[in-house]
Amino acid sequence: MTHAQEAWVAILRRADLLRRRMTAIVAPAGLTAQQYNVLRILRGAQPSPLPTLEIRERMIESTPGITRLLDRLEEKALVRRERGREDRRVVECRITQAGLALLADLDAAMAEADRRSLGSLSKEESLQLVDQRERIRATP
């Protein structure tokens, strides 16, 4: 196996572990990992709304069904959608107070999962990992 193949396998295995840990935290709250990611993105954008397509671009995992994903979150009263003021074709999304409260309830468990998963890395190593991820992501 080449070094690149070993790195590839290591990344996929760690990603699978991180995904399982996240799912174990968010599933009891009635969320999927993708729904949690949308809420996290919207919380980070506050107080501004985000257009649906921008949310899709920021997702960790690409999903063609962003509208259905937002439908489910809106049914749970965790997000609110409205037409853009300047361009009525654009749908803008905001996290609701209920969505913020749900994320706040999950924050401690997610922080602990982060610590368990990546806590062995120093700050410098974490920054190097992010830099390497960006270089990999920029590769066509």
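Take Ala4 and tell me if it is assigned to a helix (DSSP H, G or I), more than 14 Å from the chain's Cα centre (by Cα) and not polar (S, T, N, Q). Quick ask: steps written out before the conclusion?
Numbers: assigned to a helix (DSSP H, G or I): yes; more than 14 Å from the chain's Cα centre (by Cα): yes; not polar (S, T, N, Q): yes.
Considered against the rule, which asks whether it is assigned to a helix (DSSP H, G or I), more than 14 Å from the chain's Cα centre (by Cα) and not polar (S, T, N, Q), Ala4 comes out as yes.
Regarding Leu102, is this residue surrounded by 16 or more Cβ atoms within 10 Å (Cβ to Cβ) and part of a helix (DSSP H, G or I)? Spell out the reasoning first.
On the way: surrounded by 16 or more Cβ atoms within 10 Å (Cβ to Cβ): yes; part of a helix (DSSP H, G or I): yes.
So Leu102 passes the test.
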Report summary line: Sole miss for Glu92 among (1) in a helix (DSSP H, G or I); (2) touching a residue at least 40 places away in the same chain (Cβ under 8 Å); (3) farther than 14 Å from Arg40 by Cα is condition (1)
Query raised in the report: How many residues does segment 60-72 contain that are surrounded by 17 or more Cβ atoms within 10 Å (Cβ to Cβ) and within 14 Å of the chain's Cα centre (by Cα)?
Result: 3
Requested in this report: Select from segment 19-43 the residues that are buried (at least 20 other Cβ atoms within 10 Å of the Cβ), farther than 13 Å from Asp114 by Cα and of a type in the set (A, V, I, L, M, F, W, C) and list them in ascending order.
Outcome: Val26, Leu31, Val38, Leu39, Leu42
Query raised in the report: Quick one: Val26 ticks every box in (1) out of contact with any Phe, Trp or Tyr (no Cβ under 6 Å at 6 or more places or on another chain); (2) over 20 Å from Ile136 (Cα atoms); (3) in contact (Cβ under 8 Å) with a residue 12 or more places away in the chain; (4) of a type in the set (A, V, I, L, M) bar one, so which box is it?
Result: (1)
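Of all residues in segment 117-131, count the ones that are over 16 Å from Ile60 (Cβ atoms) and surrounded by 12 or more Cβ atoms within 10 Å (Cβ to Cβ).
We begin by selecting, within segment 117-131, every residue over 16 Å from Ile60 (Cβ atoms); these are 119-128, 131.
Restricting the remaining residues to those that are surrounded by 12 or more Cβ atoms within 10 Å (Cβ to Cβ) gives 121, 126, 128.
Residues flagged as over 16 Å from Ile60 (Cβ atoms) and surrounded by 12 or more Cβ atoms within 10 Å (Cβ to Cβ) within segment 117-131 amount to 3.
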**Report entry** Subset tally (residues that are assigned to a helix (DSSP H, G or I) and of a type in the set (S, T, N, Q)) for segment 105-127
**Finding:** 2
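Conditions (1) modelled with pLDDT of 85 or more; (2) not polar (S, T, N, Q), marked per residue:
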residue: Glu92; (1), (2): yes, yes
residue: Ile95; (1), (2): yes, yes
residue: Gly99; (1), (2): yes, yes
residue: Asp105; (1), (2): yes, yes
residue: Glu112; (1), (2): yes, yes
residue: Leu118; (1), (2): no, yes
residue: Glu124; (1), (2): yes, yes
residue: Gln128; (1), (2): yes, no
residue: Thr139; (1), (2): no, no
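Condition first: outside any helix (DSSP H, G or I), within 18 Å of Gln46 (Cα to Cα) and either modelled with pLDDT of 90 or more or among the small types (Gly, Ala, Ser) (or both). Now tell me which residues in segment 66-89 satisfy that. Let's see the steps before the verdict.
Within segment 66-89, the subset outside any helix (DSSP H, G or I) is 76-89.
Among the residues that remain, those that are also within 18 Å of Gln46 (Cα to Cα) are: 77-85.
Correct list: Ala77, Leu78, Val79, Arg80, Arg81, Gly84.
Being closer than 20 Å to Ala29 by Cα and loosely packed, with under 15 Cβ neighbours inside 10 Å is true for just one of Glu57, Glu82, Glu75. Which residue is that? Working first, answer last.
On the way: Glu57 fails: closer than 20 Å to Ala29 by Cα; Glu82 fails: closer than 20 Å to Ala29 by Cα.
The conditions single out Glu75.
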Query raised in the report: From the list Thr23, Thr63, which one is outside any helix (DSSP H, G or I) and under 26 Å from Leu129 (Cβ atoms)?
Result: Thr63
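The values are calculated or read from the model by the stated rules, or taken from the named source; none is laboratory data. No experiment lies behind these values; they were computed from the predicted model shown. Positions of Cβ are generated from backbone atoms using ideal geometry, with glycine treated the same way; all protein chains shown enter the neighbour counts.
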